[in-house]
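A short worksheet on the structure shown next.
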C-alpha cells in the first residue's frame, strides 16, 4: 500500500544494504557477536520485566518506567538485528522502499521514545529525592497514564514527519545503502533531488530531543547529587550517590553522544568511514539496551531483592515437590515388586 502511494516519487523500489564493506569476507563471523548481543538484550530486559511484573512491591512509577524502558529496548533492537543477521548469514541484503521507510520509522521512533523515558526517569528520581514529601502527589498513576500518550505523540509525530519527507524523494541514483539498517540520512543521501528539507528536519530532531532532554536530565542529576551531598556527611554514602548518578549519566551520554554524531555526520557531510559509521549506528542501538538492565536492574537494591525472592520461592517449590515425587516413585517400585 505504501509502495503504491509513493509510486510516482521514486525510481528504485528495492535497496541493498552494504554495512561493513571492508569486512565482507568475514561477514558470517560478524554474526556471532551480534547474535550474542541480541540474546543478551532479550534475556536481560525480559528477565527485568518479569521481576518487576511478578513482585507487587515494584509496582510503583519508578519501576514501571524501567519496565517500559526495557520493552522499548527489546523492540528497537528487534527492529534491526534479526534482519541484519539474515543479511550477514544468508546474504539477504535487499529491502523494499516501503520496508526501509517502515524500519526507519520504528527505529527512530523507539529511540526517541527511549529519550523521553530517560527524561521521565530522571525527573522521577529528582522528585523522589529532592521533594520526597510531595512525591506521591506529583508522581502517581494518573501522571503515568498522561505521560505515555505524550511520549508516543511527541516521538510519533516528529518521526512520522521525518519519514514522510524521506518518502517524498526520488531515488534514482545508487541503490546501495551504506549501512546495515535504514537510517534516515543513509537513505536520504541516495536521493537525486534536493534534500535540504530532510537535512533541516534531521537537525530539528537533534535539537528537539538532544537539545531539550539532555539539559533537563543533566540538571535533574545535578540537583539530586547536590541534595544527597547536603543531606549526608558520610563519605561512603556520598561516594555511593556520586557513583550511581555518574553511572546513569555516563550511560545516557553515550546514548546521546553516539546518536548525535551519527546524525550530524550525515547532516553536515562529515566524512566518516562506512565501517565506523555503521558500527556507531549499531552501538547507538545496542549499547543502551545491553547496559540498562544492569544499571537499572542489577544495581537497584529493590529489584535485586525481588529477583532473589522469586528465586527462593522457585527453589522452595522444587524442594517441596521433590519429596512427593520420590514417594510416588517408591510406591510405583513397590507395586512393581509385588507384581
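Judged by the mean number of other Cβ atoms found within 10 Å, the most tightly packed of the peptides 147-153, 201-207 leads the ranking 201-207, 147-153. Each part gets one Cα centre, and for the stretch 179-227 versus the stretch 93-118 those centres are 14 Å apart.
Computed packing ranks the peptides 178-185, 164-171 as 178-185, 164-171, most packed first, by mean other Cβ atoms within 10 Å.
Each peptide in 115-128, 17-30 gets a packing score, the mean of other Cβ atoms within 10 Å over its residues, and the list from highest to lowest is 115-128, 17-30.
The translational diffusion coefficient of the stretch 110-207, from Stokes-Einstein at 25 °C and 0.890 mPa s with a Kirkwood hydrodynamic radius over alpha carbon pairs, comes to 153 µm²/s. In this label model, residue 206 and residue 47 are separated by 3.7 nm, measuring between points 7 Å along each Cα→Cβ vector.
Relative to the compact-globule estimate of 2.2 N^0.38 Å, the Cα radius of gyration of the stretch 56-107 comes out at 1.60.
Using bins of 10 Å that start at zero, the share of Cα-Cα pairs per bin across the stretch 2-321 amounts to 5, 24, 31, 22, 13, 5, 1, 0, in whole %.
Readers should treat all values here as calculations from the given coordinates under stated rules, not as data from a laboratory. Please read all numbers here as calculations on a predicted model, not as lab measurements. Every residue, glycine among them, receives a Cβ derived from its backbone with ideal geometry; neighbour counts consider all protein chains shown.
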